[in-house]
Each structure stands twice: as C-alpha cells, then as structure tokens.
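Undergrad: Just passing along the structure, written as structure tokens.
The values are calculated or read from the model by the stated rules, or taken from the named source; none is laboratory data. On a predicted model such as this, the values are computed, not experimentally measured, just so you know. Note that each Cβ is placed from the backbone with ideal geometry, even for glycine, and that neighbours are counted across all protein chains shown.
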Protein chains: 4
Amino acid sequence: MQLGLVGLGKMGGNMAERVRRAGHEVIGYDRSPGARDVDSLQGLVDALEAPRVVWVMVPSGDPTRSTVRELGELLSPGDVVVDGGNSKFTDDKVHADELAEKGIGYVDAGVSGGVWGLQNGYALMVGGTAEDVAKVQPVFDALKPPAPHDEQGNEMPGVGFVHAGPVGAGHFAKMVHNGIEYAMMQAYGEGYELLAAVDLVEDVPGVIASWTQGTVIRSWLLDLLVKALQEDPGLDKITGYAEDSGEGRWTVEQAIEHAVPMPAISASLFARFASRQDDSPTMKAVAALRNQFGGHSVQS
Amino acid sequence: MQLGLVGLGKMGGNMAERVRRAGHEVIGYDRSPGARDVDSLQGLVDALEAPRVVWVMVPSGDPTRSTVRELGELLSPGDVVVDGGNSKFTDDKVHADELAEKGIGYVDAGVSGGVWGLQNGYALMVGGTAEDVAKVQPVFDALKPPAPHDEQGNEMPGVGFVHAGPVGAGHFAKMVHNGIEYAMMQAYGEGYELLAAVDLVEDVPGVIASWTQGTVIRSWLLDLLVKALQEDPGLDKITGYAEDSGEGRWTVEQAIEHAVPMPAISASLFARFASRQDDSPTMKAVAALRNQFGGHSVQS
Amino acid sequence: MQLGLVGLGKMGGNMAERVRRAGHEVIGYDRSPGARDVDSLQGLVDALEAPRVVWVMVPSGDPTRSTVRELGELLSPGDVVVDGGNSKFTDDKVHADELAEKGIGYVDAGVSGGVWGLQNGYALMVGGTAEDVAKVQPVFDALKPPAPHDEQGNEMPGVGFVHAGPVGAGHFAKMVHNGIEYAMMQAYGEGYELLAAVDLVEDVPGVIASWTQGTVIRSWLLDLLVKALQEDPGLDKITGYAEDSGEGRWTVEQAIEHAVPMPAISASLFARFASRQDDSPTMKAVAALRNQFGGHSVQS
Amino acid sequence: MQLGLVGLGKMGGNMAERVRRAGHEVIGYDRSPGARDVDSLQGLVDALEAPRVVWVMVPSGDPTRSTVRELGELLSPGDVVVDGGNSKFTDDKVHADELAEKGIGYVDAGVSGGVWGLQNGYALMVGGTAEDVAKVQPVFDALKPPAPHDEQGNEMPGVGFVHAGPVGAGHFAKMVHNGIEYAMMQAYGEGYELLAAVDLVEDVPGVIASWTQGTVIRSWLLDLLVKALQEDPGLDKITGYAEDSGEGRWTVEQAIEHAVPMPAISASLFARFASRQDDSPTMKAVAALRNQFGGHSVQS
C-alpha cells in the first residue's frame, strides 16, 4: 500500500525505512528538505491515491496539532490520519472530532522502539474504530516486531501490536508503558547505587552482567545497563540528570484522577525532578527547621 | 532530692539548670572542666548519698556505653542509672542487664525539647520498672512541662511525661517521635517548595505565617518555619543539606522488622540522604539507560 | 458592614455567627429554608446596599460555579463576590473574568478552621486585587483568629490572614495547606502504627499524650489524636478508610506541573486511595507474578 | 567432579538434575527419605572423596546455620561448603569464620532461576576466596545458563555467573537482585492497575501482551504477566496478598545503613506489607483525625 509520512526525523526516518523494506511505498514529507519526497503537505496529499493513510510523526503538542489541523483541510472523506507521536491521549479525541466533521478517520498509535526499532520492529498500541485501524493494518504489520513462535512452531498472537480500544486508547497504553519504564529504570538505578555503595561487592558491572540470563529481573533495559557499564564502569562520564518527556507526568496525573495508588512510578518521576535541581527548596526548609529547634549546624 | 548528672553540654547544662530551679540539688560531672562540680565519676558517686540517681546525658553509642559501664563499677545496689541520651532502644536492654547483675536499676528516658527545653520543659518518655522510675520521678516532674489545665481548671494528665513500658520503651517512643518529626518537616518543606515554585503566590512567608492560628496544620514546627522565613525570606542563606541523627533510620528499620508500611517517614529519610549527595548514582544509571535506548542527550 | 452569605451549612452557619458577633450585619441565603433570612439570591441582592459583598460558601464545583454565574446576573458594578469554598484555584480566574465583564469584583478565600472555627477563628488565605480585598477586609478581620501578642504585648502581624496574591492565590495557598495536612496526618498515623505494633510499648495513648507539650512534634492535630485515643484507645470503633476532598490531588498535580518532588504528600494521598480499595489490583498482579516464577503459594 | 548436595526440595532437586546432566556425580542428602542418596550428613561426607564440595540448599536461617555447623564437624581441611540458599549476607562471615578454624573453605552463592532454572540455567552470584571458588567452578559452570553468543559468534562473557567479591558478596548481590525484582513487579502492577481502572482501554491483557517485543519494558517478568493474564484475564482468581521472603527487607535495611535513597524499592516493600493487613492502623488514625477536626463521616 501507499503511506504518507510526515516527519522524517530519527524515529520517522527509520520507520519509513522499515515500511519500505516490507514492500510498501512511502512518500515522506518533512519541514526540512533533505530526505523528503515532496515539499509540502499539499504535495504529499496530491501524491497519494485515495483512500489515503497519512502518518504524523512530529513532536507532540503544537507541531502535531497544527499538522493534524492542516491535514484536515487537505484530505478527503475516507482518508485516515495516524498520530504516531507521543501525544497526550486527551489530544486524540479533539483530533478525531475535528477530522470526523470532514469524514476523515483518525487513529492514535503509541510507538515504542527508539533507535532500535528499525532492526527489532516497533511495538504498536493503537486506538480508533475497527474500520480506521483496518485501513492502516498493513503498515502496522510492517512496523511491528516479527511474531515469535512457540515450541510447536505456531505464531504467538498479540505480540508487538494491540488495538487497545477507541480513539485515545493507543496513546493511553503507551503512556502507561512509559510510566512503567520510569519505575524499572529507577529500580535498576537504586540497585546499582546500593551495590556501588558497599566495599563488599568488588565487581559491580560483573554482578549486573551476571543477571542478564537465568534471573527473574532479566530484561532489555538490564542488557542496556550492562552495555553502559562496559563503556563506563563507574558511570564517571555521566551526570545524574534526567529529563522527563511528559508520559511519566501524565501517568501519575491519571493515577490521581482514577484514585490508583502509584507509589513506585511517582517516586521515579520525583527522582527525575530532583535530579534537575541545583538545590532542593524542600531540604532548605528542613535544614532551616533543624537549625531553629536544635541549633543543628547548617551548611550555608 | 539529689541528682548526679553526667554530661553538661547544651542539653545537659540546661537540664541541670531546670532541675535546680525546681529546688533539687544537682551535682554535675563532665569530661571537660568548666561547669562541672566534681572532676571524676568516682567523685560524683562519692558526692551523692545512697540510694543514688545518676543521669547520663552524653552522646549515644560508645560514650554512653562506656559511661554506663563505668558507673556499674562505682555505684551500689539500689542506685539507679538513667540514660537520657539518644541511645538506640536495643542498647537499653544490654545496659539494664549489666547493671542488674550488681543490683543497680536502669531507666531509659527519651527527652525532647532541644534548646527550648529550659524555658518550656522537656517532654519525657521513660522505660523501666515501676520501682526504678519512682526513684527518678521528682526529677522527671521538674523537667517536664507544666501540666496544662482544662477549662474547669483541672490539671490535664499525661502531658509531657509517660512511663511507656519496660526498659527500652522510652527510647523506642522517642525514636518514633523523631521519625514523625522527619515527615512533618518534609511535609512543610514540600508545601513550601510548591508555593515558592509558582508565580501566582506572591507572598510565600505571608502564606505560611497565616497558617499559624486557626488552621488544621498549626504546630510548633510551623511557628519555627515562620521564624526562619522572617530571618531569611527566600532561605537564600541556607543549603538544602540535612543530616540525620539515627532515630529516623531506626524508625524505618523497626517498621521493616514489624512489617509496618511507612511510606511518608521513609520518603523523608531518603530525602535527607539525597540532600547530602553531590550526584545521585541512581540517576546516573537512569541517565545512562536513557542514553542507551533513546539517544537522549546526556549531561556529562 | 453588611455581608450577604450564600450557603448556611455547617461552615457557612458558623461563619455567619462569628461575623455577627463582631458587630456586622449578615443576611444569609440557603437553598433550604430554615436558617435563611431571604428566600432567593434576588432577595439577597435586594436586601444589601451597594456596594455589596456577597460571600459564597457552597460546595465547590458546579454549585459554586452556578451560584457565581447567577450572582453575576444580579449584582451591580462595584460589588464583590467572595468564593470561600474549597474551589480549585483554576476556577477562580474563570469566575473573576466572568464577573469583571460586568464590573463586579472577585476574591477567592481559602478558609481553614473546620468545626472549631466559630470558637478559634478561621485562618484566611485570599487572592484578588487590593481594591477588592479591601472591600471585604472588615469581614476577614471578624473571621480570622485574634492576633496573638508577643512578650512585649505587641500584636504579631500576619497570623491567620494573608493576601497571598492575585485571583487564585488564596485557593492555591489553601490547597497547599491541605496537602501538608495529608502528610502530617500520615506521619502521625505511621508513628501510631509502629508504636501499636510492638509489645515493648505498653501505653500507646500515653506516649502520644506525652508528646503534646515540650516536643518538636506538638501540634493541634496531635492534640486531636490524643482526644481520639482517649475516646477509643485502640481505635477499634473506626475503619481505616479515608476520603480525599480534592485539594490533596490538586496539590500533587501542581507539584507534577511544576516539577516539584513531593514524595511524602503523594505517599499520603496514595495511602488514602489504597484505604478505599477492597483489594489492590497492583498486588494481584504482584501475587500473580510470584506465582508464575516461583510457584509461591497464592491466596485465592 | 563429585558434588555433595544437602536439600533436595524444589530448588535443590532441580539443581541436582542440572548438574548431573552436565556429567558430574551428585550425591544428595535430604532430611526426608525419598530422593536422597544417603541417609545422613555423615553418610554424605563418607561418600565423597576429599577434597569435597558440599552444597547446602536448605531454608535460610536456622536450618542453614545448623547444617553448616554440623558439616564443620564432619568435613576435613581443604573441603569447601557452599551455601546456595537465601541466607542473609551477614550470616556468611559467621559461617566462613567457623569453618576457617577447621581449615574448611566457604563460598556463598546467590542463585536465581526459580522453577525455570532446570531448563534455562541458574544465574549465580558468588562470594569467597579465589581458591575456594575455583574448587566449585565446574558445578557453577554446569548450573549457569549457556553463554549467549554475539553476532560474530563469540561467547559473551560474564553472563549468568559472577564472582562478586569476598565471602558475603554473593548473597549481597542476590539480595539486591531481589530488591530490584520487588520494584519491577510493583511497576508492572501499578501500570496494570491504571490500565484496568479506565474504560478507555478495552483490552488490558492485549496491551500488556503487545509490550513483550520491541518495547523498552520487555522482560521475562512481563512475559510471565502476559501468561498470568492469559490464564485469568481479570486476575479474578487471585488475591492481592504478597509475602516477602526477607531479601527485600534486607535490601532496604542496607540502603538505610549506607544512606542510599531507595524510594521505589521501599515503596514496593511497603505495598507488600500493606497487602497483608486486614485494616491499616495508620489509616485508622487518619480517619480518626478527620473525624475530630472536620466531623467527616467515618466508616465504623
């Protein structure tokens, strides 16, 4: 099939490549010249035969919103827009309603895979109507990881792709994925820190490498930690500073809205916030209190 | 009555003064000359008439242990040793057993009050046998805050003093007091930080001062925070660095031993640990992982 | 001065009484007959001389929104509406803008004091323009706690009332107050649970009562805990079930929005969520995992 | 080589089988008849040629301590005892010192693998002197997972086995592994709960299955969660009740001792404690406080 792809950055470019390798035609557009096949959204729409599928892979927030809006002006009834970026799930309903007024379908797709996706495939969590999802399915099949086989040689279903529910469900599922990711990284981080804190353990990278097979905690993230420690055994070249890209915050916000206790994921989010502070106003207040009541010496 | 007091530092000196003001005789000993009345433990014991009460007010750990041990050599059956320091409650049983072999009693007393105790009185949580506690009671009565009166003018019982249980119960109660203290300070600190983080609130010290009467969260610690903010409205002169003196750690250890969920107090303890780190190894690992899987830029 | 008061429930009724005791005229309206002085908002507006001050003390959310909107239809330029309920601070800007179109002022007032406010006074955190706040000031002065005096007999400023900033700042400050309240209650609760978990401490209510004077953690909440334990020493008549009224959630949401680490307050919020669950889906998943990998026995 | 194995339960029995499959001779002893090859520790020692290696695989605590002590009476200088159970690392030094007096070596081995180890291999973290570890190495090689090969066909080193440091380092590393395991399980659990809490996501097991390939959070534990949800899609047959077997507690205790902030792992431990409570004393206290200050209705 034909796919129109808006956004040919690190993620979009690799995804175009993977879809092409599966035998589909990808027509790509990007604001920057370079890799693009057409030089405007109008050109992109003109180059595709109806019914069109246009996949938007640009930064979440305003860039995605304005691209979707513009596509709404250009596309025809029966076409489908896919937002594959890291949009907040609450944006999806807005996009879908806007496009529905013009008879255009909308699918939200949470995509995981990072820089490894071209090689391993991208896990896809999608939301939308069955009809809209079906129109994009060949592309989803091209992007997703190859289905593993069980011991009898049967394909194992449901791996790497899910139609999670109506519009918004895809980004919601991806959001939760990222929330879990925060806490897993924090878990490995805390374990690493304790190992590194004691003299008793003389080979910290070795311990972590030993966990990568046969243990309960083996995972792809653990493999990456082993790799990071091979490159820099004491993590001396790196600063303990971590951004957060939105999904972790939204996950905790949703937990609060739905009264779900979420102590580990929220702790991981707060640890990232703290990692970016030069000094902690909370701990300034604590130090000030200690000074007031106990005459404890204070660092100033 | 007569009281022997070992340790005339900030706490011990003030306590001696408060006991004297109540009409008792205090004979004080300290390693350093200066305020001491006698120049050795032997001299202290000689100066007291049996049955003696000797209050030990020296740093917890080895100084307390060696003082108690030495007193065990010098005192007579029927005498009582009081440990009023911040000892771990598990030390108390050891001390009591050592002294019991010589017929000497032992009482552990958790003391709260800090630099304000001379004026306001010291809250006392004690552990020991009824017989031993009774021998020290006049001193406890001198040290504790004056009993408040209810609206009918009756003394309200149980304020500022408790015989919490057998040996160890006093320090255990004081330990829990300090654990609570950690979380209260953290609570005020977190609230302060949020107020300070938003432009909307233009008078942060004013907001906190407004809370000191009529609110649900009024407290002595809050009064101290108001005072700290009066002296330094942006807490600019203070670093967000907080020591922990042991009781917070022991509180969480005991929670773990007794399977008590303790999320807020433990969070407060961990915030103190973090306040003392130049960089967080946990967050180094998190940053390294983000770099591995996403090519996220890393601060180095 | 004259005050129009909408909402004569537990809070509103007591506040009317306190304002009247200060010599002001209060004209009260409530949906239910009974205590009301007029039987409609129109009647309330008619009974007040311009410029009017109308204080809205009804449940937050739709009741407050519709009351403010209706008042906007009835009042005149120069009048002021005060929202003294537990509204989310983001509602205030909406209300203020609606009313400003008609020349009507708006003040948001966070009110603390609960059932004790009539006697002790209500702590007030207000947001709005200086001009609007000034129009309400006599009522604020009537409601707030009496100013304490320092040792020289001078009134201590800033206690029980703050003009925190522009519209919204009052409710924001009250919201943070409640977030702190959650963590303080959790702190005392965790300490209580640990004391109750060990045999060593034989008099748990006594320990807690002993803390009410002279300690670092003395507070009004602690006094209430002592009272609760006098009435029911083992808390046997009460279930560990706690609602949350919104402010705690909003506090953590704002912490997330402003990247403020808030581990203790969020832990307290999550503990409330958990207190209301019959079973924990998270722990079902954990139990299922333990069963899968270890053959650990599972309760079903 | 010959291996003496004490403890032929679920773990020990499978390990014996795996070692035998690698061509070694295993002589097993268990308190219960059934699978055992000899009917006493003396018989076991007699059946092995010196220098002997005896692997102890019995419950941690007293059973392990008494077995090690008894072996100390029976073995000869130059023999080695391996403790492969879940002992606390602080026991190892005691064991090693006891045996060293008799010239017997000691190695502690943390073993991960659970019921899957026979098939996949067991990850091994060991502590001891190089000399003692070398004597056991053939058994370690038999137990550990097969080394994976990189894309050039070279064996990847360090997977599934580490000599972590001196005596105690093996159990310490395994302890940290289990602490991380707690937080990973909690992370998946929290994500599962949020997905299950919203109507938007219509296929929760499908979402979780979709994550098993291509995502950042893929792991063996995630595979197990998929399996559990296949068997029981709503986890209706399971109760949210989780034991803890010691290592999680010790991990947090060590974090406290070494001043390592550990918010996510401790939150996971506390969630397990809470899962086992009929009612929460902390939340009883919170509910009692809410009742005192606000007249909030209380469930009794």
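Undergrad: Which pairs do you get when a residue that is more than 7 Å from chain A (Cβ to nearest Cβ), found in segment B:229-241, comes within reach of a residue that is part of a loop (DSSP other than H, G, I, E, B) and surrounded by 15 or more Cβ atoms within 10 Å (Cβ to Cβ), reach meaning Cβ atoms under 9 angstrom, with the pair 6+ apart or on two chains?
TA: B:229/B:235; B:232/B:238
Undergrad: Let me ask something additional. If you go through segment D:102-120 one residue at a time, do you hit one that is out of contact with any Asp or Glu (no Cβ under 6 Å at 6 or more places or on another chain), assigned to a loop (DSSP other than H, G, I, E, B) and more than 17 Å from residue D:67 (Cβ to Cβ)?
TA: Yes; the residues of segment D:102-120 include at least one that is out of contact with any Asp or Glu (no Cβ under 6 Å at 6 or more places or on another chain), assigned to a loop (DSSP other than H, G, I, E, B) and more than 17 Å from residue D:67 (Cβ to Cβ).
Undergrad: I would also like to ask the following. Which one of these does residue B:43 not meet: (1) modelled with pLDDT of 95 or more; (2) closer than 18 Å to residue B:173 by Cβ?
TA: Unmet for residue B:43, out of (1) modelled with pLDDT of 95 or more; (2) closer than 18 Å to residue B:173 by Cβ: (2).
Undergrad: Further question on the same structure: From the list C:208, C:238, pick out the single residue that is at pLDDT 95 or above, within 26 Å of the chain's Cα centre (by Cα) and not in a loop (DSSP other than H, G, I, E, B). Can you show your working first?
TA: Working: C:238 fails: not in a loop (DSSP other than H, G, I, E, B).
Every option except C:208 fails the conditions.
Undergrad: Additional query: Against the conditions (1) outside any helix (DSSP H, G or I); (2) within 7 Å of chain C (Cβ to nearest Cβ), where does residue B:245 fall short? Just the number, please.
TA: (2)
Undergrad: Which residue, of D:160, D:179, D:189, is at pLDDT below 95, under 22 Å from residue C:292 (Cα atoms) and buried (at least 24 other Cβ atoms within 10 Å of the Cβ)?
TA: On inspection, the qualifying residue turns out to be D:160.
Residues are listed down the side, and each one gets a yes or a no for (1) free of Cβ contacts under 8 Å to residues at least 40 places away in the same chain; (2) hydrophobic (A, V, I, L, M, F, W, C); (3) more than 21 Å from residue C:132 (Cα to Cα):
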site: C:19; (1), (2), (3): no, yes, no
site: C:32; (1), (2), (3): yes, no, yes
site: C:48; (1), (2), (3): no, yes, no
site: C:65; (1), (2), (3): yes, no, no
site: C:72; (1), (2), (3): yes, no, no
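Undergrad: Would you please name the residue that is farthest from residue A:252 (Cα to Cα), looking only at residues in segment D:205-221 that are surrounded by 24 or more Cβ atoms within 10 Å (Cβ to Cβ) and among the hydrophobic types (A, V, I, L, M, F, W, C)?
TA: That would be D:209.
Undergrad: Turning to a different aspect of this structure: Considering (1) under 26 Å from the mean Cα position of the chain (by Cα); (2) more than 8 Å from chain A (Cβ to nearest Cβ); (3) surrounded by fewer than 24 Cβ atoms within 10 Å (Cβ to Cβ); (4) in a loop (DSSP other than H, G, I, E, B), say which one residue D:250 fails and leave the rest.
TA: Among (1) under 26 Å from the mean Cα position of the chain (by Cα); (2) more than 8 Å from chain A (Cβ to nearest Cβ); (3) surrounded by fewer than 24 Cβ atoms within 10 Å (Cβ to Cβ); (4) in a loop (DSSP other than H, G, I, E, B), residue D:250 violates only (4).
Undergrad: Only one of (1) without any contact (Cβ under 8 Å) to a residue 40 or more places away in the chain; (2) touching a Phe, Trp or Tyr at 6+ places or on another chain (Cβ under 8 Å) fails for residue C:171. Which number is that?
TA: (1)
Undergrad: Spot the failing condition for residue D:158; the list is (1) within 30 Å of residue A:108 (Cα to Cα); (2) without any contact (Cβ under 8 Å) to a residue 12 or more places away in the chain, and only one is missed.
TA: With respect to (1) within 30 Å of residue A:108 (Cα to Cα); (2) without any contact (Cβ under 8 Å) to a residue 12 or more places away in the chain, residue D:158 is out only on (1).
Undergrad: Sticking with this structure for a sec: Go through segment A:43-88 and give me each residue that's touching a Leu at 6+ places or on another chain (Cβ under 9 Å), buried (at least 22 other Cβ atoms within 10 Å of the Cβ) and charged (D, E, K, R).
TA: Within segment A:43-88, A:52, A:79 qualify.
Undergrad: Could I ask something else about it? Please specify each residue of segment C:253-286 satisfying the condition of being more than 10 Å from chain D (Cβ to nearest Cβ), surrounded by 23 or more Cβ atoms within 10 Å (Cβ to Cβ) and either assigned to a loop (DSSP other than H, G, I, E, B) or among the charged types (D, E, K, R) (or both).
TA: Those that are more than 10 Å from chain D (Cβ to nearest Cβ), surrounded by 23 or more Cβ atoms within 10 Å (Cβ to Cβ) and either assigned to a loop (DSSP other than H, G, I, E, B) or among the charged types (D, E, K, R) (or both): C:260, C:262.
Undergrad: Tally the residues that are facing chain C (nearest Cβ under 7 Å), within 11 Å of residue C:177 (Cβ to Cβ) and aliphatic (A, V, I, L, M), restricting the search to segment B:195-222.
TA: 4
Undergrad: Which condition does residue C:239 not pass, out of (1) among the hydroxyl-bearing types (Ser, Thr, Tyr); (2) closer than 18 Å to residue B:182 by Cα; (3) in contact with an Asp or Glu (Cβ under 8 Å, 6 or more places away or on another chain), if it passes all the others?
TA: (2)
Undergrad: I'd like the full set of residues that are assigned to a loop (DSSP other than H, G, I, E, B) and either of a type in the set (Asp, Glu) or in contact with a helix residue (DSSP H, G or I) (Cβ under 8 Å, 6 or more places away or on another chain) (or both), limited to segment B:121-137.
TA: Correct list: B:121, B:122, B:128.
Undergrad: Among the numbered conditions (1) within 14 Å of chain C (Cβ to nearest Cβ); (2) over 24 Å from residue A:277 (Cβ atoms), tell me where residue B:293 comes up short.
TA: So the condition that residue B:293 fails would be (1).
Undergrad: Among the listed residues A:160, A:170, identify the single one that is in contact with a Lys or Arg (Cβ under 6 Å, 6 or more places away or on another chain) and closer than 30 Å to residue A:97 by Cβ.
TA: Answer to the selection: A:160.
Undergrad: Separate question: For segment B:142-173, give me each residue that is more than 7 Å from chain C (Cβ to nearest Cβ), assigned to a loop (DSSP other than H, G, I, E, B) and of a type in the set (A, V, I, L, M, F, W, C).
TA: B:147, B:156, B:167
Undergrad: Would you check if there is a residue in segment D:192-201 being of a type outside the set (Lys, Arg) and closer than 21 Å to residue A:217 by Cα?
TA: Yes, segment D:192-201 contains a residue that is of a type outside the set (Lys, Arg) and closer than 21 Å to residue A:217 by Cα.
Undergrad: Need the failing condition index for residue B:96 against (1) in a helix (DSSP H, G or I); (2) surrounded by 24 or more Cβ atoms within 10 Å (Cβ to Cβ); (3) under 19 Å from the mean Cα position of the chain (by Cα), just the number.
TA: (3)
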